[in-house]
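**Student:** Just dropping this structure here.
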Amino acid sequence: MKVAVVGATGLVGSKMLQVLAERDFPVTELIPVASEKSVGKEVVFKGKPYKVVNADTAISMKPNVAIFSAGGSTSLEWAPKFAAAGITVIDNSSAWRMDPTKKLVVPEVNAHALTPEDKIIANPNCSTIQMVLVLEPLHKKYGIQRVVVSTYQSVTGTGVKAVDQLMNERKGVDGPKAYAHQIDLNVIPQIDVFLDNGYTKEEMKMVKETVKIMGDENVKVTATTVRIPVMGGHSESVNIQFAKDFDLAEVRSLLAAAPGLVVTDDPANGIYPMPKDAHDKDDVFVGRIRRDESQANTLNLWIVADNLRKGAATNAVQIAEYLSKKNWL
Ligand code: 2RA
């Protein structure tokens, strides 16, 4: 299968190449796509060099599928052109996520919604993906009324420039800034721009995308998203209010049985999910599972995942795997 990766030289794009290789996706030809300044450069995929091409050339090479991680404006411009050429697009930007004609997919939750007619498929925001993987089995069993989430997000969610800023600050050297504030030894309670309602775009992504993926407007979500100086992944403190009571042992077994989830929860022995352990893994790790004693039918838990993998590259590749198994590519 011919696979185009649009944004192949970026942090998520290169992770997509790694995941495609690791999961042995049936790639017969890789088409790395990037902006004009990167055309002609080489990327190595499964030990073989491939020359970076521009989007026009990529379309002419007729890939079966194009996985985009090149920003919203590039997706808005090029995804329709790829789709018009009969190429299925899986897009990691926010450009298409809330478009009512486009599917927003976490395979373990709603791959069943996909059809062969879906030619532009949206990959959800990383912080949404790891949360809905946990919410879905609990919603099915107990009916979720409200979710309160606070996130602790890795600088890798911003990109290379943010990682460089953190490392430079740690070394005490100057350099390009991804953030208006110092990030080392600090936390920044702002991810993306502020909106009129006082939330940030990142927070409203979690609010709206969760409802779309779970397909239930009755699930009310409020979020506070925070940038912290870590590398391995995003962490989330989640408080969930259910319509009915739950049994804690049953919650654990439901989560342990859910696809893509790993329950890591033995606080007495210092065992709980942490970004350093989630780094470069595809699973979503959940722990600190406990009843909220301040309110009936309410649960607290802690979720950690590598935002570049299940939060982006792996989820996109899993969508491609689903479509490939259906022979829709
Ligand atoms: C972030 N979720 O962490 C956003 C985009 N990757 O910055």
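The values are calculated or read from the model by the stated rules, or taken from the named source; none is laboratory data. Please read all numbers here as calculations on a predicted model, not as lab measurements. As a convention, Cβ positions derive from the backbone with ideal geometry for all residues, glycine included, and neighbour counts pool all protein chains shown.
**Student:** For the stretch 44-64, which residues satisfy the criterion of being crowded, with 18+ Cβ neighbours inside 10 Å and in a loop (DSSP other than H, G, I, E, B)?
**Tutor:** Val52, Pro63, Asn64
**Student:** Can you name every residue in the stretch 257-270 that is hydrophobic (A, V, I, L, M, F, W, C) and either surrounded by fewer than 12 Cβ atoms within 10 Å (Cβ to Cβ) or more than 20 Å from Thr151 (Cα to Cα) (or both)?
**Tutor:** Listed by number, the residues that qualify are Ala257, Ala258, Ala268.
**Student:** Evaluate the following for Gly198: is it away from the ligand (no atom under 13 Å from the Cβ), surrounded by fewer than 18 Cβ atoms within 10 Å (Cβ to Cβ) and small (Gly, Ala, Ser)?
**Tutor:** In short, yes.
**Student:** Would you be able to tell me the number of residues in the stretch 284-302 that are among the small types (Gly, Ala, Ser) and buried (at least 16 other Cβ atoms within 10 Å of the Cβ)?
**Tutor:** The total comes to 1.
**Student:** Would you call Val163 within 16 Å of the ligand (Cβ to nearest atom) and buried (at least 21 other Cβ atoms within 10 Å of the Cβ)?
**Tutor:** no
Here's the yes/no breakdown for (1) of a type in the set (Phe, Trp, Tyr); (2) in a helix (DSSP H, G or I); (3) surrounded by fewer than 22 Cβ atoms within 10 Å (Cβ to Cβ); (4) within 15 Å of the ligand (Cβ to nearest atom):
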residue	(1), (2), (3), (4)
Ile90	no, no, no, no
Val109	no, yes, no, no
Pro124	no, no, no, yes
Thr128	no, yes, no, yes
Thr156	no, yes, no, yes
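**Student:** Would you check if Ala223 is touching a strand residue (DSSP E or B) at 6+ places or on another chain (Cβ under 9 Å), assigned by TED's automatic domain parsing to the domain that holds Ala8 and closer than 22 Å to Val207 by Cα?
**Tutor:** Criteria not met by Ala223.
**Student:** How many of the residues in the stretch 130-154 are within 12 Å of the ligand (Cβ to nearest atom) and outside any loop (DSSP other than H, G, I, E, B)?
**Tutor:** 5
**Student:** Have a look at Lys208, Lys276 and point out the one that is closer than 29 Å to Lys15 by Cβ, more than 16 Å from the ligand (Cβ to nearest atom) and out of contact with any helix residue (DSSP H, G or I) (no Cβ under 6 Å at 6 or more places or on another chain).
**Tutor:** Of the residues listed, the single one that is closer than 29 Å to Lys15 by Cβ, more than 16 Å from the ligand (Cβ to nearest atom) and out of contact with any helix residue (DSSP H, G or I) (no Cβ under 6 Å at 6 or more places or on another chain) is Lys276.
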